[in-house]
Amino acid sequence: MLKAFTKNYQDGSTDAGFEFTFLCDVCSDGYKSSFIASETYKKKKKTSFIGQSAGLVGNVIGGAVGRVGNAASSGSTIINNQFENKSPEWRKEHENAFEHAQNESRQHFHRCPGCNNYACDQCWNEDTTLCTKCSPRQEVYVAKAASQAMKRNIDEAGSTATVWQGSIEHKTTMCPSCGKPAGSGKFCNNCGANMDLKECPKCGAKNAISTRFCNNCGENLEKAAAPPSGKCPSCGEDNPPGTKFCGGCGAKL
């Protein structure tokens, strides 16, 4: 059972040899150990070569030796990528190579007493003897904080900056007469109805022609647009539209 000084590693071993990569817990960069060739693999290759040679000789002298040679050759070239199917000799080599790789790689890592993770040389703060995740280097942290403050200042300035000058008016896009898109002109493209904005008599704000109440002061635009009634509120006399004083009682209309 392999037991590593850190669980964050990769096993790149093959039949031909052994190689391991140990990763930093902070930045995930890795240190790859030196490749160690497998003696078991070398012996297999040698046995395979001898078996193939014996097979060729056996074919020439009658085939008996050839059958033995071919059997040895086919048996020696069976390779399984799964470690659990390896031979005991290969397993022993693998364990020894893993121990050697750890001894080689351990010197490039530091165990942080703050978080118990292993940090590479780049992620180790020598001044505080902690990893940079627990204790960032002062000059790096100051530079990062300054950059973040600069971005905040730019965002704040941008949110209050005036980048466009002009008046915004609500333009009626649907004709109240025919109910179809009216276009951008003063008259509807379909029926010719007047699409100009109407002005509030109280505050002067521009409103869409179909608006009933002013969007600025709330004035009833339909009432304001209606012609003044000639009916006297005092005596009930009907007067012609536009009459300023009642013809029946003289009250001011």
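Quick grid of which residues meet (1) open to solvent by 90 Å² or more (accessible area, probe 1.4 Å); (2) closer than 28 Å to PHE18 by Cβ:
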{"site": "SER87", "(1), (2)": "no, yes"}
{"site": "LYS92", "(1), (2)": "yes, yes"}
{"site": "ALA97", "(1), (2)": "no, yes"}
{"site": "CYS112", "(1), (2)": "no, no"}
{"site": "TYR118", "(1), (2)": "no, yes"}
{"site": "LEU130", "(1), (2)": "no, no"}
{"site": "GLN138", "(1), (2)": "yes, no"}
{"site": "LYS144", "(1), (2)": "yes, no"}
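The residues of region 12-46 that are touching a residue at least 60 places away in the same chain (Cβ under 8 Å), open to solvent by 30 Å² or more (accessible area, probe 1.4 Å) and within 32 Å of the chain's Cα centre (by Cα), listed by number, are ASP25, VAL26, CYS27, ASP29, TYR31.
Out of all the residues in region 177-193, is one or more touching a Lys or Arg at 6+ places or on another chain (Cβ under 6 Å), modelled with pLDDT under 85 and of a type in the set (A, V, I, L, M, F, W, C)? No, there is no match, as no residue in region 177-193 is touching a Lys or Arg at 6+ places or on another chain (Cβ under 6 Å), modelled with pLDDT under 85 and of a type in the set (A, V, I, L, M, F, W, C). Against the test of being hydrophobic (A, V, I, L, M, F, W, C), over 30 Å from ASP127 (Cβ atoms), modelled with pLDDT under 90 and in contact with a Lys or Arg (Cβ under 9 Å, 6 or more places away or on another chain), the options ILE61, ILE79 yield a single qualifying residue, ILE79.
Restrict the check to region 151-165 and report whether at least one residue is within 30 Å of PHE22 (Cα to Cα), open to solvent by 90 Å² or more (accessible area, probe 1.4 Å) and at pLDDT 90 or above.
no
Per-residue answers, yes or no, for (1) modelled with pLDDT of 85 or more; (2) in contact with a strand residue (DSSP E or B) (Cβ under 7 Å, 6 or more places away or on another chain); (3) polar (S, T, N, Q); (4) not in a strand (DSSP E or B):
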| position | (1), (2), (3), (4) |
| --- | --- |
| LYS3 | no, no, no, yes |
| GLN10 | yes, yes, yes, no |
| SER28 | yes, no, yes, yes |
| THR40 | yes, no, yes, yes |
| LYS45 | no, no, no, yes |
| SER48 | no, no, yes, yes |
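Quick one: is LYS133 assigned to a helix (DSSP H, G or I) and farther than 22 Å from SER34 by Cα?
Judged against the criteria, LYS133 is not a match.
One residue alone among ASN116, ASN103 is on the phi > 0 side of the Ramachandran plot and without any contact (Cβ under 8 Å) to a residue 12 or more places away in the chain, and that residue is ASN116.
Checking SER87 against (1) touching a strand residue (DSSP E or B) at 6+ places or on another chain (Cβ under 8 Å); (2) modelled with pLDDT of 85 or more, which test does it fail? Unmet condition: (1).
The values are calculated or read from the model by the stated rules, or taken from the named source; none is laboratory data. Since we're looking at a predicted model, the values are computed, not measured. Neighbour counts are summed over all protein chains in view; Cβ atoms, including those assigned to glycine, are modelled from backbone coordinates with ideal geometry. The protein model used for the area step is the full one, side chains on, heavy atoms only, and it has no ligands, DNA or RNA in it. Shrake-Rupley method; radii C 1.70, N 1.55, O 1.52, S 1.80 Å.
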